[in-house]
Each structure stands twice: as C-alpha cells, then as structure tokens.
1. Could I have the simple spin-label model distance between THR3 and LYS71, label points 7 Å from Cα toward Cβ, reported in nm to one decimal?
2. So which residue, out of PRO63, PRO134, PRO73, gets the largest mean-square fluctuation from a GNM of the chain using Cα contacts under 10 Å as springs?
3. With r as the distance between the Cβ atoms of LYS119 and MET13 and R0 = 41 Å, compute the FRET efficiency 1/(1 + (r/R0)^6) and round to 0.05.
4. Mean Kyte-Doolittle hydropathy of 0.0 or higher plus an axial Cα length of 15 Å or more: which whole DSSP H helices in the chain meet both?
5. So for the chain, averaging the separation of alpha carbon pairs under 8 Å that are six or more residues apart and normalising by length, what relative contact order in percent results?
6. Helix-only estimate, please: 222 nm mean residue ellipticity of the chain, summing -39500 (n - 2.57) across DSSP H runs of length 4 or more and dividing by its residues, to the nearest 500.
7. Please work out the Cα center distance from region 66-87 to region 126-159, rounded to the nearest Å.
8. Calculate the all-directions average of the projected area of the chain's alpha-carbon convex hull, and give it in nm².
Amino acid sequence: MPTTKKESFYFGMMMCFFMVTMMTIYNLLLNGLIGRIGWSTITVEFLIGFMIALALDLFIVGPAAKKVAFKLPINKSKKLHVILAISTCMVLVMAFFMSFYGLATSILGHGHLEDPIIKSYILIFLKNFAVAYPLQVLLAGPVVRSLFTTWQNKQANSY
C-alpha cells in the first residue's frame, strides 16, 4: 500500500477514478438518464465529481477516516480488519459528502425535486451508500489494491 505522499496521491487517484466512474454509471442508470443527456454533460459532471471526490479523499476524508479507523477496537495486526475499517469509514463519509453533489446536480439538472430537500438528500445518501459500500469492499478495493501493488512492484524493479 502507499508508503509515500506521491504513492498516496496515485492510489487516491486510482480509487477515486474507479469509484466515481462506477457511481456515475449507477446514478445515470438509477435516474434513467442514459440516452436522455448528452455525453458532454456526462463528461463534465464526471470530471467535477472526480475532482471533488479526489480533493475530499486526499485532504479531508482520507486522513480523517484513517484516524478514526485506527481508533476502532479492531485487531490492527490483521490486514483485512484494517482494510475493512478504513473502507467503511471512507465510504460512509464520502457518500455523505458526494450525496450533496448528487443533490446539487439533481436540482441543477431538473430544476426541482420531487421530495423536500432533506428527504431527497437522505434518499440519495441511502441509495449511494447501499451501492458504494459493497462496490468498495468487493470490487474497487481489491482491484485498485492489486493494480497499485503491481505498479509499485514495477517502480521498485525499475531502480
């Protein structure tokens, strides 16, 4: 796993790219927007979401999630326990913040909400968390860690 700030940046970029890509596709499908909005709109919203997610991951959520995770009563000698603790903290807080972005794009894209704003936010958060958590734990985490470890090994062997 990352051992330097540079590696942490690359790992964060890889994880955010994977998660934002998958969550963008999920939300487009969930809201029936495939074919209803153009690729330029999708690309712009993806890039904005990616930049927000990366900034949150690198500067706010990532550091805070790690601090909280290491304070939890887990067996820190077991890598899986540490990974699950960090992933759980990360997904909870990222879903919390990124759901505000989802709410904003809903309001800007549709001009109105079907439900009151608080209810809309809670529904968006719950739907996002319900997909983001298993996506992170079962797919994104293992895939990105594997790709990152492969990249790290190639970097180490090139010196």
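Laboratory data are not the source of any read-out in this text; all were calculated from the coordinates shown. Only a predicted model underlies this, so the values are computations on that prediction, with no experimental measurement involved. Reconstructed Cβ throughout: ideal geometry from the backbone, glycine too, with neighbour counts over all protein chains shown.
1. 2.9 nm
2. Most flexible of the set in this elastic network: PRO73.
3. Efficiency, rounded to the nearest 0.05: 0.75.
4. Qualifying helices: 5-30, 39-55, 79-110, 117-134.
5. It rounds to 28 percent for the chain.
6. Result for the chain: -26000 deg cm²/dmol, rounded to the nearest 500.
7. 17 Å
8. Answer in nm², one decimal: 10.8.
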